[in-house]
Amino acid sequence: MAAAAAGPGSGSGPADSPEGPEAEAAERRRKAHGMLKLYYGLSEGEAAGRPAGSDPLDPTDLNGAHFDPEVYLDKLRRECPLAQLMDSETDMVRQIRALDSDMQTLVYENYNKFISATDTIRKMKNDFRKMEDEMDRLATNMAVITNFSARISATLQDRHERITKLAGVHALLRKLQFLFELPSRLTKCVELGAYGQAVRYQGRARAVLQQYQHLPSFRAIQDDCQIITARLAQQLRQRFRDGSSGAPEQAECVELLLALGEPAEELCEEFLAHARGRLEEELRSLEAELGPSPPAPDVLEFTDHGGSGFVSSLCQVAVAYQDLFAAQGPAGAEKLAAFAQELGGRYFALVERRLAQEQGGSDNSLLVRALDRFHRRLRSPGALLAAAGLSEAATEIVERVARERLGHHLQGLRAAFLGCLTDVRQALAAPRLSGKEGPSLAELLANVASSILSHIKASLAAVHLFTAKEVSFSNKPYFRGEFCSQGVREGLIVGFIRSVCQTAQSFCDSPGEKGGATPPALLLLLSRLCLDYETATISYILTLTDEQFLVQDQSPVTPVSTLCAEARETARRLLTHYVKVQGLVISQMLRKSVETRDWLSTLEPRNVRAVMKRVVEDTTAIDVQVLPQACQWSPEVGLLYEEGVRKAQSSDSSKRTFSVYSSSRQQGRYAPSYTPSAPMDTNLLSNIQKLFSERIDVFSPVEFNKVSVLTGIIKISLKTLLECVRLRTFGRFGLQQVQVDCHFLQLYLWRFVADEELVHLLLDEVVASAALRCPDPVPMEPSVVEVICERG
């Protein structure tokens with residue numbers, strides 16, 4: 001178009017010149033351009049690249065179909081100055097060159113395609129010429145063949161009709177020959193045992209003989225055939241009743257008898273009766289394997305034997321019955337269902353007896369494989385005999401075995417826990433018997449915790465086999481829901497955790513029962529074990545269970561917080577009982593030492609009594625027991641309980657002597673007793689002092705730390721000493737001996753308790769009570785008391 005616009009500017013002819021070959025070529029190009037627009041779905045404006053609002057009939061539109069160069073040039077000369085005209089010419093020349101370049105590029109890029117298209121068109125012309133020649137020859141040959149076929153058909157028309165008539169006569173003669181030879185053929189088949197062939201012969205001729213039985217010749221043939229057929233039916237019944245024949249042979253006999261017209265109801269009863277005999281034989285064989293001798297095979301072999309024997313035979317019977325007696329309708333189906341349900345129940349009873357023998361075993365893999373095969377084998381008869389409920393019964397057996405295995409594993413976990421406790425008892429008793437140092441409580445605790453956890457993981461792995469994907473019954477609703485949530489999580493894991501807590505709490509019985517024979521160290525170990533369960537183990541075990549058994553059941557389960565609270569309460573009870581037991585041991589020593597001594601006639605004290613040294617030694621041993629120290633060969637320190645918090649200690653805690661009882665606040669308590677004339681004043685001052693003294697709760701709750709434990713034991717021990725002192729009467733030297741003993745206890749016990757003032761108060765009470773019960777309360781000098789205690 002740009003070239004056309006440049007033409008008039010160089011002196012070409014007017015626009016209204018007569019039309020010639022150039023006009024026709026332009027018209028063809030315009031039509032081709034229009035077809036392209038239709039193909040690509042473009043409007044006139046879109047194809048020309050005009051703005052959407054331009055006039056398609058504008059003669060000055062360079063891209064329009066009605067462009068007129070003369071009009072365009074006139075418009076430019078009228079409207080544009082010279083500079084703009086020069087710019088328009090330059091732009092047009094640039095566009096012309098760009099279009100020429102694009103055209104050359106298009107030709108160069110598609111040159112090979114143009115050449116290939118030219119060669120293809122040339123070859124097509126040659127191929128079509130050859131094809132036209134071959135089609136002409138084919139048409140000539142077809143015309144010749146058609147002519148020959150018409151001549152042959154005309155020649156053989158008469159003969160074809162004669163041949164058709166002769167073929168019909170031949171077929172009729174063959175049928176008649178078959179009918180006349182039928183008795184002999186039946187006899188020969190019966191003699192050879194080809195009962196199926198004989199029945200087919202009889203079936204082919206039955207309708208014809210029935211139709212033409214009024215003719216004497218056909219009547220005689222029919223009579224002979226009936227006699228032979230009766231003999232054939234008798235032999236088939238004899239063969240059917242033969243117990244040595246298998247299920248396929250008997251099914252074939254029944255099928256042949258039904259084809260011979262025997263009554264179906266009678267054959268149905270006989271068929272089930274014979275099938276019952278074979279299946280009962282299979283059941284007797286399985287029952288014999290359960291006897292005491294020879295030894296019963298493993299459960300997998302037993303289920304394989306039952307599946308390949310009884311279940312396979314039952315499937316064959318069901319398939320054969322449905323094929324043979326389908327015409328019996330619902331009544332026949334109910335009869336078969338009752339038959340299968342009865343014998344299936346007996347088979348299930350044998351399987352349950354064999355599975356019951358496996359309940360004591362520890363290997364679940366063999367049992368699960370046996371259950372899987374047992375369940376798979378019953379799929380086919382279950383589908384064939386849906387009314388008998390064999391599949392449902394098999395699933396119930398598998399579920400019942402799974403529940404029993406869960407119970408077995410729960411008992412195994414309980415036995416393992418009790419075994420760990422027995423090992424701990426032996427480890428605690430062995431050092432005392434041999435005199436050697438045994439394992440620390442921290443080591444024993446770690447061994448018990450790891451052993452229990454390993455048993456739990458082994459049990460989870462064993463019961464997880466019931467939910468494996470390759471097991472046929474794992475997709476049942478029970479194993480996808482209730483087994484995981486109520487069986488494994490609640491029944492096994494939660495049940496075992498609660499069993500641990502209950503077993504541990506049973507050691508907190510009264511001393512006359514189980515608790516009296518329980519080593520105190522075992523109480524301490526169990527307390528720490530339950531506390532560890534509360535802090536971490538319970539959460540870990542339940543998380544592990546939930547991850548392995550994806551629970552799809554909405555049944556409520558025990559929250560982790562509830563189990564943790566139960567474990568913490570158990571730990572608290574055990575620790576409290578431990579404090580009471582250890583306090584009772586020391587209290588008994590103190591009570592005997594007070595009750596067996598004559599405090600009125602005792603000699604002047606020169607030493608600390610041995611029982612007080614024993615009290616300090618036992619308290620130190622308990623401190624080591626609660627917080628074991630590192631052995632020489634082990635740099636690690638195993639902690640049962642944390643140290644705990646103590647109040648700030650005074651600077652004279654270890655130097656304080658019981659001279660304060662006669663010089664400070666306790667002096668007013670018994671100093672007036674030096675004057676025999678004022679006994680009532682002494683009691684009055686003592687009672688007033690008690691009113692203002694701090695009340696000590698001997699059986700306060702025990703916290704989970706070493707200081708709280710030792711504080712509780714010391715409070716019980718010193719309270720016992722106080723009560724025993726109140727029941728005795730003391731002489732001067734007896735009071736001084738109590739003063740020495742209390743000072744010795746104060747020297748060592750203050751460091752074990754949370755508040756050293758508590759020890760001071762209790763020991764003050766002991767010495768004050770002894771002074772109140774002394775007719776001549778003359779205390780020993782503090783310096784002498786210190787010398788005796790240091791020497792002791």
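The values are calculated or read from the model by the stated rules, or taken from the named source; none is laboratory data. Since this is a predicted model, take the numbers as computed values, not measurements. Cβ sites come from the backbone with ideal geometry, for glycine too, and all protein chains shown count toward neighbours. Note: accessible area is taken over every heavy atom of the protein model, side chains too, but ligands, DNA and RNA are not part of it. Shrake-Rupley method; radii C 1.70, N 1.55, O 1.52, S 1.80 Å.
In this structure, does GLU566 turn out to be touching a residue at least 12 places away in the same chain (Cβ under 8 Å) and not hydroxyl-bearing (Ser, Thr, Tyr)? It would help to see each step written out before you state the result.
On the way: touching a residue at least 12 places away in the same chain (Cβ under 8 Å): yes; not hydroxyl-bearing (Ser, Thr, Tyr): yes.
Yes: the conditions hold for GLU566.
What about LEU192, is it closer than 30 Å to ARG237 by Cβ, at pLDDT below 75 and open to solvent by 100 Å² or more (accessible area, probe 1.4 Å)? Reasoning before the result, please.
Values: closer than 30 Å to ARG237 by Cβ: yes; at pLDDT below 75: yes; open to solvent by 100 Å² or more (accessible area, probe 1.4 Å): yes.
In short, yes.
Check HIS760 against each of (1) open to solvent by 10 Å² or more (accessible area, probe 1.4 Å); (2) out of contact with any helix residue (DSSP H, G or I) (no Cβ under 6 Å at 6 or more places or on another chain) and name the one condition it does not meet.
Here HIS760 clears every test but (1).
Which residues, counting only those in region 406-426, are farther than 18 Å from SER506 by Cβ and either surrounded by 18 or more Cβ atoms within 10 Å (Cβ to Cβ) or touching a residue at least 40 places away in the same chain (Cβ under 8 Å) (or both)?
LEU406, GLY407, HIS408, HIS409, GLY412
For every residue, the table says whether it meets (1) buried (at least 17 other Cβ atoms within 10 Å of the Cβ); (2) among the hydrophobic types (A, V, I, L, M, F, W, C); (3) touching an Asp or Glu at 6+ places or on another chain (Cβ under 8 Å).
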residue: VAL579; (1), (2), (3): yes, yes, no
residue: ARG597; (1), (2), (3): no, no, no
residue: VAL615; (1), (2), (3): yes, yes, no
residue: ASP623; (1), (2), (3): yes, no, no
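For every residue, the table says whether it meets (1) surrounded by fewer than 10 Cβ atoms within 10 Å (Cβ to Cβ); (2) at pLDDT 85 or above; (3) over 30 Å from THR60 (Cβ atoms).
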{"position": "CYS80", "(1), (2), (3)": "no, yes, no"}
{"position": "MET86", "(1), (2), (3)": "no, yes, no"}
{"position": "ASP91", "(1), (2), (3)": "no, yes, no"}
{"position": "ARG94", "(1), (2), (3)": "no, yes, no"}
{"position": "ALA98", "(1), (2), (3)": "no, yes, no"}
{"position": "MET103", "(1), (2), (3)": "no, yes, no"}
{"position": "VAL107", "(1), (2), (3)": "no, no, yes"}
{"position": "ILE115", "(1), (2), (3)": "no, yes, yes"}
{"position": "MET131", "(1), (2), (3)": "no, no, yes"}
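May I ask you to say which residue of VAL624, VAL611 is modelled with pLDDT under 75, part of a helix (DSSP H, G or I) and of a type in the set (A, V, I, L, M, F, W, C)?
On the way: VAL611 fails: modelled with pLDDT under 75.
Exactly one residue qualifies, and that residue is VAL624.
Given the conditions (1) open to solvent by less than 80 Å² (accessible area, probe 1.4 Å); (2) under 30 Å from CYS253 (Cβ atoms), which single one is not true for PHE180?
(1)
For every residue, the table says whether it meets (1) closer than 25 Å to THR545 by Cβ; (2) at pLDDT 85 or above; (3) small (Gly, Ala, Ser); (4) not in a helix (DSSP H, G or I).
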position: ASN475; (1), (2), (3), (4): yes, yes, no, yes
position: SER485; (1), (2), (3), (4): yes, yes, yes, no
position: GLY491; (1), (2), (3), (4): yes, yes, yes, no
position: PHE496; (1), (2), (3), (4): yes, yes, no, no
position: SER510; (1), (2), (3), (4): no, no, yes, yes
position: GLY515; (1), (2), (3), (4): no, no, yes, no
position: LEU523; (1), (2), (3), (4): no, yes, no, no
position: LEU529; (1), (2), (3), (4): yes, yes, no, no
